[in-house]
1. Distances longer than 20 Å among the Cα atoms of the chain: what percent of all pairs is that?
2. How big is the charge dipole of the stretch 1-133 about its Cα centre, in debye rounded to the nearest 20, if each Lys and Arg gets +1 on its Cβ and each Asp and Glu gets -1 on its Cβ?
3. Extending each Cα 7 Å along its Cβ direction at L53 and V102, get the distance between those two points in nm, one decimal.
4. By count of other Cβ within 10 Å, fewest leading, how are D18, D41 ordered?
Amino acid sequence: MTAPILVFGWGNPSRGDDALGPLFVERVEALNLPGIECLTDFQLQVEHALDLLGRHRVLFVDASVDANDPSAPYRHRRLIPARDASFSTHALTPESVLQVYVDLHDDAPPPCDLLAIRGEHFELGEPLSPVAATHLEAALAWLTDWLSAIGATPNTP
């Protein structure tokens, strides 16, 4: 059975702060919250449009070097389907995954949000930076408010 809420994080755990998406998802999964499924991958792919089927809400989570406000630990925004201007599917945006969903199902995807957690160091072999670890904790605290806002019953992360 498909859980109504999907928390999907992507990034490379071997590239320092790029691990923020998978680490966020790992922490959410450890909470064992009812009605929430967790998924991680190294990058978004067209096949991930299938993971949106039967969902009521989806939260995409990724590391970001630009969270609009350099003092903010994360950025949250609602996503809308949009075609990707790139020439390949090697690095898809969440908006393009939503557009693939629309193209496949001739229907709107479930409401989707992006949580971009600010990181600083993305070099191969680096550990998570102390600043990124602090931003991860702030993002996890934000999750409680998001779950309440969408009508889910959160436990405190």
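1. On the way: 5789 of 12246 pairs.
In whole percent, the long-distance tail amounts to 47.
2. Numbers: 9 positive and 20 negative charges, 70 e Å.
Computed about the Cα centre, the dipole is about 340 debye.
3. Going by the 7 Å Cα→Cβ label model, 2.1 nm.
4. Values: D18 25, D41 16.
Ascending Cβ contact count within 10 Å gives the list D41, D18.
Only the coordinates and a few stated rules stand behind these numbers; no lab work does. Note that the structure is a prediction, hence the values are computed from the model and not measured. Heads up, the Cβs are rebuilt from the backbone with ideal geometry, glycines too, and the neighbour counts pull from every protein chain shown.
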